[in-house]
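Peer 1: Take a look at this one; I'll ask things after.
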Amino acid sequence: MQRIVMPSVLSAMLILPGNATAQTDSAKKEEPAAKEEPSLISPSAEFTSIQKPGDTVELKAILKAKIKGTFLKLPLLKVTFLQVIDTATVTLGYAITDRNGAAVFNYKTAAVSADKEGKIHFKAVFAGNKSMEAAEEELAVKRARLDITAAKEDSVLNVKIKLLDLGKDTPIKGTVVGIFVHRSFSLLKIGEGTTDDDGEATVEVPANLPGDANGNITLVAKLDENETFGNLEASVIQKWGTPVSDKIENQPRALWSSHPPLWMLITFFILMGIVWSHYVVIVVQLFRLRKEEPHTATIANT
């Protein structure tokens, strides 16, 4: 009897755990897979300011983001410009980014208060949207003014520049200022000068620069990316250029123009005619050879 009972007991012990496990697994409910939330685009802001004559400051914010390994400029986004005063902020206004991702806002610095160091603090803020995160950038610059005047002395064309610290009302010395002339799509640098103890510098302007139809040229003085004053700019229009007509006129036939000389056109068509006539002769000869190909007579089996 012992031999018969023991195997049956062992069989029952092996079967029961399996059934219990199967019942426990069937009682569990399958949890739905969590949905992955789409990641938001993280834009970056490049914030600069340009102080111009007339107590005007130009605030410029460029929004861009890295998407699939490529930096793209972000158009049609609202950027709000603020002034930071201690721990508070004052809204100055807003601008919409253009196709290059740039939002430009002009403001009178006379209405902006500076801190004890004579600096003014600005902030550019993009609030974000459903697909993009928020972005902001700050800058602080001291108030300054850059003046430019044109002078002609003994047939020599010069521009005189003066750089002043408006916070202390003192000249800024030992600073390099570039002189540019405005071209169709960009600025062409023609020289630079370093301010003396009076904050002044003189730069000679080359003669015979191409101007507009009346000979006017736009001269621009620029202080770029200064650690203390940021960017400053001033310009003056002077009739020192060579008049260049802006009218569209028919140019004479020439090798370098879109209207080549007649002899060149005639020579070209003659040569092309000779070349294509050779092709025609070759094709005609091939057809003749095809027609003159001998035909083998078939002999009928009798």
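The values are calculated or read from the model by the stated rules, or taken from the named source; none is laboratory data. In this text the structure is predicted, and so the values were computed from the model without any measurement. Positions of Cβ are backbone-derived with ideal geometry, glycine not excepted, and every protein chain shown enters the neighbour counts.
Peer 1: Looking at segment 211-231 only, could you name the residues that are free of Cβ contacts under 8 Å to residues at least 40 places away in the same chain and in a strand (DSSP E or B)? Quick ask: steps written out before the conclusion?
Peer 2: First, pick out the residues of segment 211-231 that are free of Cβ contacts under 8 Å to residues at least 40 places away in the same chain: 211-218, 225, 227.
Hits for segment 211-231 are I217, T218, E225.
Peer 1: Kindly provide the set of residues from segment 96-132 that are among the polar types (S, T, N, Q) and either within 20 Å of the chain's Cα centre (by Cα) or surrounded by fewer than 17 Cβ atoms within 10 Å (Cβ to Cβ) (or both), ordered by number.
Peer 2: In the first step, residues of segment 96-132 are kept if they are among the polar types (S, T, N, Q); the result is 97, 100, 106, 109, 113, 129, 131.
Scanning segment 96-132 gives T97, N100, N106, S113, N129, S131.
Peer 1: While we're looking at this one, here's another question. Looking at K119, K108, K66, K52, which one is farther than 25 Å from K142 by Cβ and not polar (S, T, N, Q)? Talk me through it step by step, then tell me what you get.
Peer 2: Numbers: K119 fails: farther than 25 Å from K142 by Cβ; K108 fails: farther than 25 Å from K142 by Cβ; K52 fails: farther than 25 Å from K142 by Cβ.
Just one listed residue meets the conditions, K66.
Peer 1: Take the residues in segment 77-95 that are in contact with a Leu (Cβ under 8 Å, 6 or more places away or on another chain) and part of a strand (DSSP E or B), then tell me which one is surrounded by the most Cβ atoms within 10 Å (Cβ to Cβ).
Peer 2: Looking at residues that are in contact with a Leu (Cβ under 8 Å, 6 or more places away or on another chain) and part of a strand (DSSP E or B), I get V79.
Peer 1: Filter segment 137-177 for residues that are outside any strand (DSSP E or B) and among the β-branched types (V, I, T); which is farthest from the chain's Cα centre (by Cα)?
Peer 2: Filtering segment 137-177 for residues outside any strand (DSSP E or B) gives 143, 154-155, 166-169, 172-175.
Next, from what is left, pick out any that are among the β-branched types (V, I, T): 172, 175.
Details: I172: 32, T175: 29 Å.
Within segment 137-177, the match that is farthest from the chain's Cα centre (by Cα) is I172.
Peer 1: How many residues, within segment 178-195, are assigned to a loop (DSSP other than H, G, I, E, B) and either of a type outside the set (S, T, Y) or at positive phi (or both)?
Peer 2: In the first step, residues of segment 178-195 are kept if they are assigned to a loop (DSSP other than H, G, I, E, B); the result is 183-186, 195.
Pick out the ones that are also either of a type outside the set (S, T, Y) or at positive phi (or both) and you get 183, 185.
Residues flagged as assigned to a loop (DSSP other than H, G, I, E, B) and either of a type outside the set (S, T, Y) or at positive phi (or both) within segment 178-195 amount to 2.
Peer 1: Scan segment 95-119 residue by residue and report those that are in contact (Cβ under 8 Å) with a residue 40 or more places away in the chain and not basic (K, R).
Peer 2: A102, A103, V104, F105, N106, Y107, T109, A110, V112, A114, E117, G118, listed by residue number.
Peer 1: Can I ask one more? Restricting the search to segment 240-268, which residues are modelled with pLDDT of 80 or more and either under 30 Å from E153 (Cβ atoms) or surrounded by fewer than 10 Cβ atoms within 10 Å (Cβ to Cβ) (or both)?
Peer 2: W240, G241, T242, P243, V244, L262, W263 - these are the residues of segment 240-268 that are modelled with pLDDT of 80 or more and either under 30 Å from E153 (Cβ atoms) or surrounded by fewer than 10 Cβ atoms within 10 Å (Cβ to Cβ) (or both).
Peer 1: Considering only residues that are modelled with pLDDT under 90 and of a type in the set (F, W, Y), which ones fall in segment 36-72?
Peer 2: Hit for segment 36-72 is F71, nothing else.
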